[in-house]
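The values are calculated or read from the model by the stated rules, or taken from the named source; none is laboratory data. Because the structure is predicted, anything quoted here is derived from the model rather than measured. Every residue, glycine among them, receives a Cβ derived from its backbone with ideal geometry; neighbour counts consider all protein chains shown. The accessibility values were calculated without ligands, DNA or RNA, using every heavy atom of the protein model including side chains. Shrake-Rupley method; radii C 1.70, N 1.55, O 1.52, S 1.80 Å.
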Amino acid sequence: MWQRFREWPRQLRRLDSSASGDGADFARPKKPILLLLPGLVLVAGLAATAVLWWNARQDAARALEAEFQFWADRVVYAIEYRLKGHVQVLRGVVGLFDASENVERQEFLAYVGALRLDERFPGIQGVGFAVAVPPDQKAAHTAAIRREGFPDYAIRPDGERELYTSIIYLEPFSGRNLRAFGYDMFSEPVRRAAMERARDENRATLSGKVKLVQETETDVQPGFLIYVPVYRHDAPHATVEERRAHLVGWAYSPLRMYDMMRSVLGTVEFDNLRQALDVEIYDGEHPSAAALMFDSDAEPDFANTGAAFRAVRPIEYGGHRWSLLLTSNASFEQRLRGDESKLIALGGVGGSLLVAFLIGVLVSGHLRVTAALRQMALANGQLAASEKRFRAIFDTSLVGIATCGSNLVFTQVNQAFHQLFEYAEDELIGLRGIVDVTHPDDTESVRLRIEKMVRREAEHCVVETRCVARSGRTFAALTAARASYDDAGHFAGVTVAVLDITERKQAAAELERYRHHLEELVAHRTAELAAARDAAEAAS
């Protein structure tokens, strides 16, 4: 375009010379065309501005979409991680029953107290045990519990049933939890369905949405329960019939949904999420007002399609499904309508008007063209500065984000990505994507996932890997990747987001070491009991 500007003064001179000589009649028809030239230049400039503005909005939208999808996957991961932690606690209770002929109340209290639930598992309402009571043993069971110092104990609710269950242990045994003592969860259909699945399938299960018996008249929250079956340790339970015949009861945890989610989202990693996005969880596959279990802003959005970013993720655990709905709010979407795109639009429109004015000046007299071109260069510099400021949207994200082209070579990396991997920008651009910063033992797994996205067998993935920084530091990372494709459906590139989860992995390892230590204690206790039994048999 600048080359054309340079040619216009010469064209004007040629037209002027032709108008002053014999070709004056030929030159006159050219004047209407020259008068249209400023308008044509203005239209071209506005069109170019529109393209630049649209590209800026699209780049911002892609970066925000990648960040939004990353947070959706991250919330799902955090919830599943929390549920797995609760199940590990209950499996420890199963181990306690396997190691003892009869778990006494004080023994159960000591075990749960050692778990430090408030510190390690914030949001959990308690850890308990519900015993299975056949009808012919109900009277003896009731009498035994009353002899422990609970003269008013009874299985609730009243009535005759094929099988009774009763919550006999629940720690902490105070406050709200006292309301659950003696309650027959098997008498309520939603709880019963989860308990039967746990019993027959020998696995941890989640119940549907319920109102916990611990609820009072104030601050009522949706709740759910996790069940793990407990069988007689000296009896087989390989088949459904054996499991039903040798069932002792269920280790379980009641959870209040808002308490659990506030503890999940209350961590440092979700500081920015709480202000920018709305998190909702629904029981089942279809969001509805009746199925709502948690809403971070108390305004259900399942019927609202006006948000710029919206994602629904299934959470399947323990034979039950939740639906996570994540929607963006005004503060998150404001980054899409940031000052950078406005500056590009204003600068482009201003530049286009300026160019049109300059062309008008050229038509009336080329002597003023030099000054006009100098102003045009200034306007062009302002456009370049505006585009540089736009890149700040990409670089201000706290999550390490990088984009790769169709050849999987890094094309853009943000500041967080540089800091995470300890590389300067010119050292990252040109590497073969995320594979080059992945630990050699995990490289093949990452390469296979990328190849699936190239073949369009999957458009996104979330995977835990080990990454290697420039200094040689190896850290655990949660990596989310999302592929993009051109209009023809061909692979066009991939956007990668990386989050350092080393501290979280260390915490998980600590929990695993604790569980392993508990298993050793169980094995040791079992060996002592076996030795005592052998000694007794030998003495008899």
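Of the conditions (1) at pLDDT below 70; (2) more than 30 Å from residue 488 (Cα to Cα); (3) under 32 Å from the mean Cα position of the chain (by Cα); (4) not β-branched (Val, Ile, Thr), residue 371 clears all except one; give me its number. (3) is the only condition that residue 371 fails. Of the candidates 513, 449, 456, 466, the single residue that is part of a helix (DSSP H, G or I), open to solvent by 10 Å² or more (accessible area, probe 1.4 Å), touching a strand residue (DSSP E or B) at 6+ places or on another chain (Cβ under 8 Å) and not acidic (Asp, Glu) is 449.
For the range 235-246, indicate whether the set of residues that are touching a residue at least 12 places away in the same chain (Cβ under 8 Å), in contact with a strand residue (DSSP E or B) (Cβ under 6 Å, 6 or more places away or on another chain) and under 15 Å from residue 324 (Cβ atoms) is non-empty. No - not one qualifying residue is present in the range 235-246.
With respect to (1) within 29 Å of residue 197 (Cβ to Cβ); (2) of a type outside the set (A, V, I, L, M); (3) surrounded by fewer than 15 Cβ atoms within 10 Å (Cβ to Cβ), the lone exception for residue 233 is condition (3). Residue-level analysis places residue 91 outside the set of residues that are of a type in the set (Lys, Arg) and over 27 Å from residue 529 (Cβ atoms). Taking the numbered list (1) part of a helix (DSSP H, G or I); (2) out of contact with any strand residue (DSSP E or B) (no Cβ under 6 Å at 6 or more places or on another chain); (3) surrounded by 13 or more Cβ atoms within 10 Å (Cβ to Cβ) in turn, residue 177 passes all entries but (2). Just a yes or no: is a residue in the range 181-195 on the phi > 0 side of the Ramachandran plot and open to solvent by 60 Å² or more (accessible area, probe 1.4 Å)? Checked the range 181-195: no residue is on the phi > 0 side of the Ramachandran plot and open to solvent by 60 Å² or more (accessible area, probe 1.4 Å). Of all residues in the range 220-241, those that are assigned to a loop (DSSP other than H, G, I, E, B) and either within 30 Å of residue 287 (Cβ to Cβ) or of a type outside the set (A, V, I, L, M) (or both) total 9. Output yes when any residue across the range 198-219 is open to solvent by less than 10 Å² (accessible area, probe 1.4 Å), within 24 Å of residue 101 (Cβ to Cβ) and either among the polar types (S, T, N, Q) or not in a helix (DSSP H, G or I) (or both), and no when none is. Looking for residues that are open to solvent by less than 10 Å² (accessible area, probe 1.4 Å), within 24 Å of residue 101 (Cβ to Cβ) and either among the polar types (S, T, N, Q) or not in a helix (DSSP H, G or I) (or both), one finds none in the range 198-219, hence no. The residues of the range 149-167 that are part of a loop (DSSP other than H, G, I, E, B) and open to solvent by less than 90 Å² (accessible area, probe 1.4 Å), listed by number, are 149, 150, 153, 154, 155, 157, 159, 161, 163.
Residues that are at pLDDT 85 or above and open to solvent by 50 Å² or more (accessible area, probe 1.4 Å) within the range 81-106 comprise 81, 84, 88, 91, 98, 102, 104, 106, listed in sequence order. When every residue of the range 242-256 is checked against the conditions, none turns out to be open to solvent by 40 Å² or more (accessible area, probe 1.4 Å), of a type in the set (A, V, I, L, M, F, W, C), at pLDDT 95 or above and assigned to a helix (DSSP H, G or I).
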